[in-house]
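The values are calculated or read from the model by the stated rules, or taken from the named source; none is laboratory data. What you see is a predicted model; the values in this text were computed from it and never measured. Every residue, glycine as well, gets a Cβ built from its backbone with ideal geometry; the counts of neighbours run over all protein chains shown. In case anyone asks, the SASA skips ligands and DNA or RNA and just uses the protein heavy atoms, side chains included. Shrake-Rupley method; radii C 1.70, N 1.55, O 1.52, S 1.80 Å.
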Amino acid sequence: MSPDEALRHIQAQHRYHFEQAEFAALLGMAPTDLAVTGVLSRLSRKKRIVAAAKRTSGWVIVPPEYEHYGAPPVTWWLDDYMKRLEPRYYVGLLSAARYWGSAHYALQTTQVMVSRARRSAAVGVHRLDFTVKARLDETPTVVVRGDVAPWRVSTREATLLDLLRAQVSIGGVEAVARVSNDFAKDLNADEMTRALDGLDHTSTAQRLGFLLEALGHVGPARRIRKWMAPRRTVSVPLELQAPDDCALELNKDWGVLYAPGRLLFLDEIR
């Protein structure tokens with residue numbers, strides 16, 4: 001099989017990411033054969049493929065219409081790219097929010113949740129940023145199958161909990177509130193319980209319940225309160241990185257400390 005035929009064979013399976021060993025087998029060569037490396041280098045110089053990472057043997061096929069971007073859309077190859085590195089990965093945070101229809105913030109990156117620290121990766125103009133989550137396997141996700149290739153994304157409910165825990169890096173509580181308001185009508189009570197069980201972090205549940213109730217979404221807040229009922233709670237700050245000079249008030253229903261002056265955006269969002 002020629003190099004062009006090998007690339008067409010992979011694309012015919014609706015795949016755009018491949019490993020050097022697979023490519024070598026299609027050419028009838030050994031993975032360590034220097035000729036294979038030479039063929040891949042020539043294809044890369046012609047912009048037919050791009051390296052998926054500096055230290056792996058993975059490559060991404062670049063269709064002509066995406067040559068200007070250096071790679072096709074991330075969702076075309078993300079699942080194949082992550083299978084070996086982190087099988088239980090999922091697209092999360094603001095990238096997940098965008099998938100579910102909340103796109104207040106322009107993103108130049110795809111945010112991916114993983115179980116251990118990894119360096120960001122750039123493939124063409126696309127950038128993958130990785131966030132570590134200890135209970136990755138317990139997080140409720142769905143597999144998106146309507147795209148060129150399947151990929152994993154956190155549920156709406158799990159996305160909100162992740163956003164609260166990552167609030168410092170995604171734009172603060174205001175960003176979480178905007179996404180929460182967008183999601184509210186579609187939040188599912190059973191899925192909320194499943195997400196809360198998966199994370200098992202009472203302080204995050206307190207913060208989310210407080211925000212949803214403050215936004216007027218009583219139903220989802222009530223389900224969170226039910227989940228919290230048998231658990232011990234302590235007072236927690238709403239913001240993980242608020243200015244030290246803020247005067248805080250305690251919402252006794254949720255055990256959440258907040259600065260009223262910093263929540264004026266709630267009136268705009270409601």
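For this structure, a couple of remarks:
- In the chain, taking the dipole from charged Cβ atoms about the Cα centre, the farthest positive-side position among Val234, Ala247, Tyr16 is held by Tyr16.
- The relative contact order of segment 1-40 comes to 37 percent, based on Cα pairs under 8 Å that sit 6 or more residues apart.
- Considering only alpha-carbon pairs that sit under 8 angstrom and 6 or more positions apart, the relative contact order computed for segment 87-142 is 33 percent.
- Among 146-159, 230-243, 165-178, the order from most to least packed when residues are scored by Cβ within 10 Å on average: 146-159, 165-178, 230-243
- Taken over the C-alpha atoms, segment 188-234 has Rg and Dmax values of 9.7, 26 angstrom.
- log₁₀ of I(q)/I(0) at q = 0.16, 0.18 Å⁻¹ - segment 137-270, Debye sum with one point per alpha carbon: -0.80, -1.00
- Value of [θ]222 nm, deg cm²/dmol, for the chain, DSSP H segments ≥ 4, -39500 (n - 2.57) each, nearest 500: -12000 deg cm²/dmol
- Acute angle (nearest 10 degrees) that the helix 172-183 long axis makes with the longest principal axis of the chain, alpha-carbon atoms: 80 degrees
- Each Lys or Arg adds one and each Asp or Glu subtracts one; over the other residues with Cβ under 14 Å from the Cβ of Ala149, this totals +1.
- Degrees between helix 74-85 axis and first principal axis of the chain (Cα, 0 to 90, nearest 10): 90 degrees
- Using a probe radius of 1.4 angstrom, the carbon and sulfur fraction of the accessible surface of segment 81-193 is 46%.
- Rounded to the nearest 20 debye, dipole of segment 83-191 from Cβ charges on Lys, Arg, Asp, Glu: 520 debye
- Gyration tensor analysis over the Cα atoms of segment 1-99 returns equivalent ellipsoid semi-axes of 25, 15, 12 Å (largest first, whole Å).
- Three-way shape label, segment 66-121, alpha-carbon gyration tensor, a/c 1.5: oblate
- The smallest convex shape that holds all Cα atoms of segment 57-198, its convex hull, gives 114 Å³ per residue.
- Restricting attention to the chain, close to 70% of DSSP beta bridges with both partner residues there are antiparallel.
- For segment 112-270, the solvent-accessible area of protein heavy atoms averages 49 Å² per residue (probe radius 1.4 Å; ligands and nucleic acids excluded).
- Rule-of-thumb Rg ratio for segment 127-215 [Cα; 2.2 N^0.38 Å; N residues]: 1.09
- At R0 = 25 Å, FRET efficiency that the Cβ-Cβ distance of Asp200 and Leu250 yields, to 0.05: 0.55
- Computed about the Cα centre, the dipole magnitude for the chain is approximately 440 debye when only Lys and Arg (+1) and Asp and Glu (-1) carry charge, each at its Cβ.
- The chain: relative contact order as a whole-number percent, Cα under 8 Å and 6+ apart: 12 percent
- Annotation: segment 94-134 has a Kirkwood hydrodynamic radius of 11.0 angstrom, from the mean reciprocal C-alpha pair distance.
- Principal-axis tilt of helix 218-228 within the chain, Cα atoms, nearest 10 degrees: 90 degrees
- When the alpha-carbon atoms of the chain are used, the pair Rg, Dmax equals 22.2, 71 angstrom.
- Put the Cα centre of segment 129-172 next to the Cα centre of segment 239-265 and the gap is 26 Å.
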